[in-house]
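Below is one structure, written out as structure tokens, with a few remarks after it.
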Amino acid sequence: MAAQEISLEALGLLQALLHHDYFEAQFRANHVARHALEHEHLPVADAAERIEGLLERGCPNSVELRIALRVLAASVDSMQLIALNRAGRIL
């Protein structure tokens, strides 16, 4: 299921950020965005692209990054809920 794969990729992005590995986080954000676009999960792709843009400058502004991460988390949650609904697991 694409939603699960994208969710795991987003967790990898968070892990890279926790370790302050901004190069790896930027790479992972790009990967999340491309994968989300491929499967038409546009809010997730937009949020990941925003994070990628913040990381392009090196160490990002922490307030902007927190906001972008919240948007990504909310988008991933919504994507997962939609995928579960489509799979008939939530009534």
> Using the Karplus equation 6.51 cos²θ - 1.76 cosθ + 1.60 (θ = phi - 60°), what ³J(HN,Hα) coupling, rounded to whole Hz, does each residue of the stretch 33-40 give in order, writing x for Gly and Pro?
Replying inline: 4, 5, 5, 5, 5, 4, 9, 6
> Taking only protein heavy atoms and a 1.4 Å probe, what accessible area per residue, in Å², does the chain have with all protein chains in place?
Replying inline: 63 Å²
>> As I understand it, the value is the acute angle between the Cα axis of helix 2-18 and the longest principal axis of the Cα atoms of the chain; what does it come to in degrees, rounded to 10?
In response: 20 degrees
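With a Förster radius of 25 Å, plug the Cβ-Cβ distance of F27 and S62 into 1/(1 + (r/R0)^6) and report the FRET value to the nearest 0.05.
0.80
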>> Tell me the Rg and the Dmax, in Å, that the Cα atoms of the chain produce.
In response: 13.0, 44
> Taking the Cα centre of the chain as the origin, how large is its charge dipole in debye, to the nearest 20, when only Lys and Arg (+1) and Asp and Glu (-1) carry charge on their Cβ atoms?
Replying inline: 260 debye
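The values are calculated or read from the model by the stated rules, or taken from the named source; none is laboratory data. Treat the numbers as computed from the prediction; the structure is a model and nothing was measured. Neighbour counts are summed over all protein chains in view; Cβ atoms, including those assigned to glycine, are modelled from backbone coordinates with ideal geometry. Keep in mind that these areas ignore ligands, DNA and RNA; they rest on the heavy atoms of the full protein, side chains included. Shrake-Rupley method; radii C 1.70, N 1.55, O 1.52, S 1.80 Å.
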